[in-house]
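Okay, so here's the structure we're looking at.
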Amino acid sequence: MKTEDIRIALLRIEGTNCEDESLNALKSMGARPEHVHLNELIRKKRNLEDYQMLFIPGGFSAGDYIRAGIIFAARIKATIKNDLLKFIEDEKIVLGVCNGFQVLTELGILPGIENLWEEHPGAVLAPNISNKFECRWIYLKKERSVCPFNETLPDKVFSMPIAHAEGRFMLPENREKYLLEKMIDNGQIAFRYVDREGNFEGYPWNPNGSLYNIAGLCNMTGNVIGMMPHPERAFFDFQNLEFWRGNSETPGRYIFEGILKHISRKF
Amino acid sequence: MTDFYERVDKRFPVFLIKIRDMNIKELQKLSRDLGLSLNRDEMIRIRSYFRSLDRDPTDVEIQAIAQAWSEHCCYKSSKHVLKKYIIGIDSPKVFLTGEDAGVVELDNDHVYVFKMESHNHPSAVEPYGGAATGVGGIIRDVLCMGAKPIALVDSLFFGNFDYPEKRLPKGMKNPRFIFNGVISGIRDYGNRVGIPTVSGITYFDPGYATNVLVNVGCVGVCRKENVIRSMVNKPGVNLVLVGGKTGRDGIHGVNFASRSFRSGEKVEKTAVQLGNPIIKEPLIHAVLESVDKKLIHGMKDLGGGGLSSVVGEMVLAGNVGAEVHLEMIPLKERDMAPWEIWISESQERMMLAVEDDKLKELLEIFDIWDVDATVIGKTIEDEKLILYYRDLKVMDLDTHFITSGPVYCRPYRIEYPGMKSYQTIPPEPDYKKLFRNILSSPNVTNKSYIIRQYDHEVKGSTVLKPLTGKLGLETHSNSSVIKPFENKNVGLAITSTSNPRTMKIDPYRGSKGIVDEAIRNLVSSNAVPHSLADNLNFGNPEDPSVMGQLYEAARGLGEIARYFDLPYVSGNVSLYNQTNRKSIPPTPTLMGIGVVKDIKSVVTVDIKKENSVLYQINPTFSEMGGSLYYDMYEYESSVVPDVNADMLKKAMENLLSAMEKGLILSCHDISDGGLAISLSEMAIGADIGMDINLADIQNIRTDFKLFSESNSRWVVEIDQKKEKEFLKIMEGTYVIRLGYTGGRELTVKDGDRKILSMDLEDIRNIWNTVPR
């Protein structure tokens, strides 16, 4: 299908707050993103099946007072779970950025190492090791993966901003080694935190203390994707922290580009 | 005393208060017992009014009057001063003023809306909740003009962390506790509500140990035709209360904010409101969607004074009245008395005036967002406020009387330090030690430990971020720049300035310097200064010397702004910032907005490359009064830096032309800590050193060259090949060649004499000191 026919639902509830810039980014690429309130899906004012991509943007859904993303996930599970499962089985794209990643993890559809949908969350995005909210730019390097943007992302160190309090990716301790190896074998790791030279270092380069410096990943089939860095904030050249120092890289654009290309080819 | 109260209805608590029979002592007791914070004369005026009506008031009526007459709501001490100096700087760009926030024209189609407001008293009692609700309140002020909030600013003044516990009056909270509460409050509210916190001040001084200042600002943008007035101008319009429920939180907040603290005092927690960003966030969406669909006739936020203020002011402005049914209002607690419902300052509420034919569509929008929206009454032809609780009429008052609060022309005494001018001449300092001391002062060090807790990039439009430079080595920006529109390259530069050190010594010159700094900060980022908002924080206005400070500050703020045609489009006054008769340093805080023609031409602080030339713009004077150097070493000086408006204006125009030609690689203004600190911050963000010689700065002491905080100065970086072109454009402005960029050290000489040489890594480490 053509890019201009790709319909994207930007799902929101109270406290979702990165939907406008995400919409602008996707719109500027020629796709058809729309804001969709969860209540509109529940009340059947809109249907999930009309879309090729579901995008859960960043924010503090329902306030994130308990654990980030858990309330939004619980509401989805209690209402549109079957529609969403069909969406995933149809190999349509589900993307979660920041809070959206937390929601997908709480839902049990990420990391999706052994099953498409786990009854209990298979991983957790724990509080940062600095134990505080941090908003700053960090360096990333991509891994070889089955994520749809694997080709479009450049093969060198690039930078994007993060802004979260709970972004430390962790697997169950007793199966950590096994699951991580499986993730690597499956090509599920999209990109990892690195230092300026591209080395895998600890805090502050790894801003939250994530296992294996994981910053973004996808499920085993590559159609459900989660990431802590914000592509919509690294989409235009002037958004780049170092734009004023001559750095006009736009890694966020490459990520969306890869996803849209994938959808065009597939549907 | 109980004899003066008569219960009117058995079912719920409404009382008649027999004010007509009271003597003066009894009136004063009434004011205290009901928490009205009204003085003797004001109580007498109320008594006379009801004597003339030939009836006694209900408790609802008395409470409503006390709300409206509080300092917070009617500016009774400051109105006079503000009118004289600050209000009414004529400018064609002012679109609308005198509303909840100032509205300024940005281009043919758009306006921007902004305001700064204090939340000092609540933050002293409950730092977390007080600061959070401050953020919530200012967002509503901008939202209720129909504007989309795009940025937050916060200027905070704390006591030092090492303030001796013993000196804290009983019942006062420790400065560190207050600091942690305030920062977390702003973080948790601002981040959740999804509006970037992009600029601000964090200042430490013992003068704020018992009175923290929390000044919060918000900027929004709006299409011109969508600007909504805070009024209803015809009868029969529905009053729709939207957002949060009404509770007992925030009762008597405004009355409480209009007086001083005493030690050992137990302040009612109920006077501080509770914020909930997760009601506010969808409220913003629902309101903006309704604005876009043109469903709203008038709108105002509920802040100080609650429903009482908001309904009263909206109908008064449109020369109508209102009839409201209190039992319709959704409550947090079932058993609230009618007067409590009417004056509660519960957060996250707004009042929308909606005509009958638009009502259904509006209620549907709020329903999708799960936000309460309730019709609580209608406007009426008579200019009266009539309240019912179920079938009982509990208030029937003339709108003009309620809002006719007194205006005072309080006595003032101006203490001119300028008349007996003096300045200590200290021995020459150990430069390295002095430099280290200033660089590690909590008012100079790297503020990233605060800034990074705020999401300053949400909405993706923070083009120039508060921290800028090489990734991982960022330095402080002069101002932040937001790109408010998707399809336009225009930017809004935002800054906030204040200077308690100079204000303590000379409020007139100090205030002039604060305007100067706002202009400098905006120009540094290549923005044309456009408009200002003021937030005046002072002590007890009943003290003539405090009133004197207010007069002098207003005079200074007015003078420079007028010269630059910079209107004050909104303002806020916070008085009674005193504890046990000790007032805070006079603290006017400004929020300045500048317009950037094309965001891609923004200039930043960090040095861009090696072998560039560095220039200082405008001369340095021996004005050491209020400098960090003198303050830290306790040297006395009454000579606070003055402002030569002519010189500043010429330099500003020249510098902006040089920026337009792309000649300025980086730029930083010179303020706290003087030239030495400006150079350091420019070097830190780039990881590029400098070789400086101070010989060309005119004939003053070397330590003054490095650490004087004279106004109107900048440092700029120029490509060597463009030097001639730069000098030509700067004609008419005094410029001083300082040296070159390069290397890994900051080296300073004065002529042949070596003054300072320090590795950049060391400088960064000292600057990274986190206050403990």
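The values are calculated or read from the model by the stated rules, or taken from the named source; none is laboratory data. Note that the structure is predicted; figures quoted are calculated from it, not measured. Note that each Cβ is placed from the backbone with ideal geometry, even for glycine, and that neighbours are counted across all protein chains shown. These accessible areas exclude ligands, DNA and RNA; they are computed on the full protein's heavy atoms, side chains included. Shrake-Rupley method; radii C 1.70, N 1.55, O 1.52, S 1.80 Å.
When the helices (runs of 4 or more DSSP H) confined to region B:35-111 are screened for residues that are more than 23 Å from the chain's Cα centre (by Cα) and either under 30 Å from B:ILE150 (Cβ atoms) or of a type outside the set (D, E, K, R) (or both), those reaching at least 1 such residues are found at B:40-53, B:59-68. For B:THR202, the requirement of being within 14 Å of another protein chain (Cβ to nearest Cβ) and open to solvent by less than 30 Å² (accessible area, probe 1.4 Å) is not met. Name the residues in region A:75-87 that are closer than 23 Å to B:LEU283 by Cα and open to solvent by less than 10 Å² (accessible area, probe 1.4 Å), would you? A:ILE76, the sole residue that qualifies.
With respect to (1) over 29 Å from the mean Cα position of the chain (by Cα); (2) open to solvent by 70 Å² or more (accessible area, probe 1.4 Å), the lone exception for B:LYS650 is condition (1).
Of A:ARG175, A:ARG144, A:ARG196, all but one fail to be surrounded by fewer than 20 Cβ atoms within 10 Å (Cβ to Cβ) and in a helix (DSSP H, G or I); the exception is A:ARG175. Restricting region B:209-230 to residues that are within 23 Å of B:VAL311 (Cα to Cα) and crowded, with 20+ Cβ neighbours inside 10 Å, which is modelled with the highest pLDDT? Here the answer is B:ILE228. Annotation note: of B:VAL573, B:VAL595, the sole residue that is open to solvent by 10 Å² or more (accessible area, probe 1.4 Å), in contact with a His (Cβ under 6 Å, 6 or more places away or on another chain) and either free of Cβ contacts under 8 Å to residues at least 40 places away in the same chain or under 23 Å from B:GLY98 (Cβ atoms) (or both) is B:VAL595.
Yes/no matrix, rows are residues, columns are (1) surrounded by fewer than 17 Cβ atoms within 10 Å (Cβ to Cβ); (2) within 15 Å of the chain's Cα centre (by Cα):
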| residue | (1), (2) |
| --- | --- |
| A:ALA62 | no, no |
| A:ALA73 | no, yes |
| A:GLU89 | yes, no |
| A:ASN99 | no, yes |
| A:GLN102 | no, yes |
| A:GLU106 | no, yes |
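The set of residues in region B:1-32 being of a type outside the set (A, V, I, L, M), open to solvent by 50 Å² or more (accessible area, probe 1.4 Å) and closer than 11 Å to B:ASP59 by Cβ consists of B:TYR5, B:GLU6, B:ARG7, B:PHE15.
Could you say whether any residue in region B:335-356 is over 26 Å from B:ILE402 (Cβ atoms) and either in contact with a strand residue (DSSP E or B) (Cβ under 9 Å, 6 or more places away or on another chain) or of a type in the set (D, E, K, R) (or both)? Yes - at least one qualifying residue is present in region B:335-356. Selection over region A:47-59 of residues that are in a loop (DSSP other than H, G, I, E, B) and within 11 Å of chain B (Cβ to nearest Cβ) gives a count of 2.
Selection within region B:365-415: residues that are within 22 Å of B:LYS294 (Cβ to Cβ) and of a type in the set (Ser, Thr, Tyr). The member of this set that is most open to solvent (accessible area, probe 1.4 Å) is B:THR374.
Taken over region A:1-33, the criterion of being assigned to a strand (DSSP E or B) and open to solvent by less than 10 Å² (accessible area, probe 1.4 Å) is satisfied by A:ILE8, A:ALA9, A:LEU10, A:LEU11, A:THR16. The single residue among B:ASN160, B:ASN120, B:ASN191 that is under 19 Å from B:MET591 (Cα atoms) and either in contact with an Asp or Glu (Cβ under 9 Å, 6 or more places away or on another chain) or surrounded by 24 or more Cβ atoms within 10 Å (Cβ to Cβ) (or both) turns out to be B:ASN120. The residues on offer are B:VAL219, B:VAL198, B:VAL212, and the sole one that is under 20 Å from B:LEU575 (Cα atoms), in contact (Cβ under 8 Å) with a residue 40 or more places away in the chain and under 19 Å from the mean Cα position of the chain (by Cα) is B:VAL212. Restricting B:LEU316, B:LEU307, B:LEU283, B:LEU362 to those that are part of a helix (DSSP H, G or I), open to solvent by 20 Å² or more (accessible area, probe 1.4 Å) and at pLDDT 90 or above reduces the list to B:LEU316.
Of everything in region A:218-237, what is hydrophobic (A, V, I, L, M, F, W, C), more than 14 Å from chain B (Cβ to nearest Cβ) and more than 12 Å from A:ILE88 (Cβ to Cβ)? Give them in sequence order. Selection gives A:MET227 alone.
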